[in-house]
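Chemist: Before I ask anything, here is the structure I am working with.
The values are calculated or read from the model by the stated rules, or taken from the named source; none is laboratory data. Predicted, not measured: the structure shown is a model, and the values here were computed from it. Every residue, glycine as well, gets a Cβ built from its backbone with ideal geometry; the counts of neighbours run over all protein chains shown.
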């Protein structure tokens, strides 16, 4: 049964990793309309804020602040795209204005804030400070999340022991398992009740982390976000698992409750994945959510199973060492599959949430992930040590000590796991590769009549600029020679006045002209020809902010990690599937597995 379940999980994960998924980021402001730092000729009727994931309008607050500090009335209007906040603006006089926004992600209830600046009229506007710093999660939030993870693990671990490990151990000759089952069931019952309480505490902690301006009503929190219904489903699944544990001793046939119990356990981990970073990054129906579901399920079964072995298995090891060893070996088969899937799904999920090596080393999320991985490797080494102790038939006391130490470090792994869920993933504009952070294009082409014009403005920033025009004639013979080129600049000249260019080596160059502001501006190029009407091309020319976005030098590497980590996960998954297939085919090939060493019937 354990071998069949592990094979099904491996095949499902292999299919999942092969499917494509749409990329996204965390709840940062992607862009605004008007853009940050732009200057407009007229007052805009609306302001649009586009975020990298869905946000809740009911838990959002947007303010329009004038340069004097006066707050101007504005309101958020409903729209069809839940990743966009649209603000209706009144008629604004000339000046500089600041939009201050605060909002909440609907998927994981992470609150974000920021601001954007724009101007009305011929004014100079400096862009806002940019993205907020990467904060360290609050201690209270991390503690509640750790308690919640520990409670879920303490529920799913004993449940897997009862539904999967004990039947396999009984089939191998283990005896006296009734007392062990009672202890496992009691541990799972207490953990289910604790998980119900920690779930409520987690919801309260999430709500308390919102800015005061967003202080939500409970009903708005549950109905105005996608997190709310999923949190309710999580609590209902916990109640269902609690009822299953209560009914388990009275069931005539355990198989009637085994599969519903497994289904509810998988669904519980699915709701946890849907209320985390995976759904926010890639969407609900994505490989990232499936991988995180498998990651949470296997981590909970492995960690909770270790805790159950350390707490509940000790009396059996003292009373009947042989039966205790059989139970540990059966659990070891399940734990080996869990550890393999944890490593595979962890690699894939790291590629989803961590943009690059720089992001891994420079962010709170990345450094926490490194600590978690180191602890996971330490537990893996201890697991191999325990396997050797089992094969060498070590004494019961020594074996119990090794299992207890492995359990302690496994529970410690949940601390950085809790920090990861409370921290913003190491993705977003602040970790974009330097090559993608570039200025507006300083060269554009325009087609007018039978001409192609190549227009260039350098340095394309407020201040003195030089323009050049390359004229290409597509009609041969040309209807008339080009006698002159002129440019009507966006500002600084009288209306209708054109600055004539001087021809130098086939390129028409315009003398230096001063641009007073940044933003998108109209630019006209007029080409004069003998015997042919003037050809006029109109362009909307983007002028960069003063200084522009300076290219950022990579610290280690800013190349995306996702392709490499996904490839490693696929290779490990293929190796795991091959190992399972070989183990399943060995009896059919006439090579039965080697017999285990004889057990010592005596206990300490």
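Chemist: Please note which strands (runs of 3 or more DSSP E) are completely contained in region 18-59 and include at least 3 residues that are at pLDDT 80 or above and closer than 17 Å to residue 81 by Cβ.
Modeler: 46-51
Chemist: Same structure again: Please list, ordered by first then second residue, the pairs with beta carbon atoms under 8 Å, 6 or more apart or interchain, first in region 138-165 and over 11 Å from residue 303 (Cβ atoms), second outside any helix (DSSP H, G or I).
Modeler: If the second residue must be outside any helix (DSSP H, G or I), the pairs left are 138/209; 141/209; 163/254; 164/1.
Chemist: Go through (1) part of a helix (DSSP H, G or I); (2) at pLDDT 85 or above and name the single condition residue 582 misses.
Modeler: Result: residue 582 passes all but (2).
Chemist: Can you name every residue in region 227-248 that is farther than 17 Å from residue 155 by Cβ and either surrounded by fewer than 16 Cβ atoms within 10 Å (Cβ to Cβ) or modelled with pLDDT under 80 (or both)?
Modeler: 229, 232
Chemist: Which condition does residue 99 not pass, out of (1) in contact (Cβ under 8 Å) with a residue 40 or more places away in the chain; (2) within 29 Å of residue 283 (Cα to Cα); (3) part of a loop (DSSP other than H, G, I, E, B), if it passes all the others?
Modeler: All conditions are met except number (3).
Chemist: Right, another one. Every residue in region 313-347 that is surrounded by fewer than 22 Cβ atoms within 10 Å (Cβ to Cβ) and modelled with pLDDT under 85, please.
Modeler: Passing the criteria: 314, 315, 318, 319, 320, 321, 322, 329, 332, 333, 336.
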